[in-house]
Amino acid sequence: MIQNTQQARLQEFVIRVLVITASSLIVAVNLKSFVAAGDLFPGGFTGITRLIQRCSLEFAGVELPFGPINLALNAVPAFISFKLVGKRFTLYSCLTIVLTSIFTDLVPALDITEDILLISIFGGMINGFAVSLCLGVRVTSGGTDFIAIALSERKNVDAWNYILCGNVVLLAIAGYLFGWDKALYSMFYQYASTQVVKMLDPDGRRATLLIVTGRESAGGVCAQIQDTHHTATLIEGVGLYNGDPCVMIYSVVADSEVRSLARKIRHSDPKAFVNVLRTQQVVGKFYRQPRD
């Protein structure tokens, strides 16, 4: 049993490191081949780093490396995450930041296209895919994500609107200094990246389950739901087809849990009727799997 646990942990570690390395390399290539080529300004601390680099080159004639600036900007958010979210989560995320910083200064730029619109859209999509890879192994790419996750999980504060305001300020400064066309194209980049993350992020989607089952099977069905650390509400009812008493069980779970949970429910009651609804927003307490 102990050996199986150690093997599972080792496998999880290897998978996380491989995914983090791949994600960091993709981000670095994207920054050199799309973001820099289009003179764009991504959101978050990556965008601030780009802004500092551009200001240094434009007004002082000095070309600063990406790595040291990015690492310095991420130091305080990483410390906050270490205290509020967890040690392992923060250390893995710091590995992402370090590898991204190193790769960005080492990998060469690829001459793919000079079309600024294509650069904005496909660069944003590639960035969103790389971020989603990290989220898939419960790691973040750093920066403002540290702050948003820490505040949402420990303080129940939705920080994404504040981060959005910060990005607007960043783009306003970049637009004023280097031209509004770059700022506007950067909005295309950020929008494309956000849409891909929303589509691929396994923790960002919720699903509502409406389960109709018999009274004698309700306990087993509820037990399957509670195994996911979620709870449910039971509503007594009557089936109109045959007039038999029944129970409707209402619950909201993570979208990634629906398939396995539906299979377990059908095992508990082969006659159970399960209706899955996509949930746009949940207000109130909702169990989130620990990231650490």
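Can Ile52 be described as of a type in the set (A, V, I, L, M, F, W, C), farther than 22 Å from Asn167 by Cβ and surrounded by fewer than 19 Cβ atoms within 10 Å (Cβ to Cβ)?
In short, no.
Would you check if Val14 is free of Cβ contacts under 8 Å to residues at least 12 places away in the same chain and either touching a helix residue (DSSP H, G or I) at 6+ places or on another chain (Cβ under 7 Å) or not in a helix (DSSP H, G or I) (or both)?
Criteria not met by Val14.
Restricting the search to the range 191-210, which residues are more than 14 Å from the chain's Cα centre (by Cα) and surrounded by 20 or more Cβ atoms within 10 Å (Cβ to Cβ)?
Result: Leu209, single match.
Kindly establish whether Gln289 is of a type in the set (S, T, N, Q) and either touching a helix residue (DSSP H, G or I) at 6+ places or on another chain (Cβ under 7 Å) or at pLDDT below 85 (or both).
The answer is yes for Gln289.
Could you please find all residues in the range 138-148 being more than 10 Å from the chain's Cα centre (by Cα) and either part of a helix (DSSP H, G or I) or hydrophobic (A, V, I, L, M, F, W, C) (or both)?
Within the range 138-148, Thr144, Phe146, Ile147, Ala148 meet the criteria.
Can you pull out the residues in the range 236-292 that are touching a residue at least 12 places away in the same chain (Cβ under 8 Å) and of a type in the set (Ser, Thr, Tyr)?
Correct list: Tyr250, Ser251, Ser256, Ser268, Thr279, Tyr287.
Which condition from (1) part of a strand (DSSP E or B); (2) within 30 Å of Leu151 (Cα to Cα); (3) of a type in the set (A, V, I, L, M) is the one that Val247 breaks?
(2)
Given the structure, is Val221 in contact with a helix residue (DSSP H, G or I) (Cβ under 7 Å, 6 or more places away or on another chain), of a type outside the set (Phe, Trp, Tyr) and not assigned by TED's automatic domain parsing to the domain that holds Val137?
Numbers: in contact with a helix residue (DSSP H, G or I) (Cβ under 7 Å, 6 or more places away or on another chain): yes; of a type outside the set (Phe, Trp, Tyr): yes; not assigned by TED's automatic domain parsing to the domain that holds Val137: yes.
Here the answer is yes, as Val221 does meet what is asked.
Among (1) within 11 Å of Gly142 (Cα to Cα); (2) touching a residue at least 24 places away in the same chain (Cβ under 8 Å); (3) out of contact with any Asp or Glu (no Cβ under 9 Å at 6 or more places or on another chain), which single condition is Phe89 missing?
(3)
Which ones in the range 211-232 are under 27 Å from the mean Cα position of the chain (by Cα) and aliphatic (A, V, I, L, M)?
Ile225, Ala232
Taking only the range 54-63 into account, find how many residues are without any contact (Cβ under 8 Å) to a residue 60 or more places away in the chain and touching a helix residue (DSSP H, G or I) at 6+ places or on another chain (Cβ under 7 Å).
The qualifying residues number 2.
From the residues in the range 21-43 that are under 18 Å from the mean Cα position of the chain (by Cα), β-branched (Val, Ile, Thr) and surrounded by fewer than 24 Cβ atoms within 10 Å (Cβ to Cβ), which one is farthest from Asp181 (Cα to Cα)?
Applying the filter and picking the extreme gives Thr21.
Given the criteria more than 26 Å from the chain's Cα centre (by Cα), buried (at least 18 other Cβ atoms within 10 Å of the Cβ), more than 30 Å from Ile119 (Cβ to Cβ) and among the hydrophobic types (A, V, I, L, M, F, W, C), does Ile235 qualify? Walk me through how you get there before you give the answer.
Details: more than 26 Å from the chain's Cα centre (by Cα): yes; buried (at least 18 other Cβ atoms within 10 Å of the Cβ): no; more than 30 Å from Ile119 (Cβ to Cβ): yes; among the hydrophobic types (A, V, I, L, M, F, W, C): yes.
Against the criterion (more than 26 Å from the chain's Cα centre (by Cα), buried (at least 18 other Cβ atoms within 10 Å of the Cβ), more than 30 Å from Ile119 (Cβ to Cβ) and among the hydrophobic types (A, V, I, L, M, F, W, C)), Ile235 does not qualify.
The values are calculated or read from the model by the stated rules, or taken from the named source; none is laboratory data. Everything numeric here is computed off the predicted structure, so don't read it as measured data. Don't worry about glycine lacking a Cβ; one is built from the backbone with ideal geometry, like all the others, and counts go over all protein chains shown.
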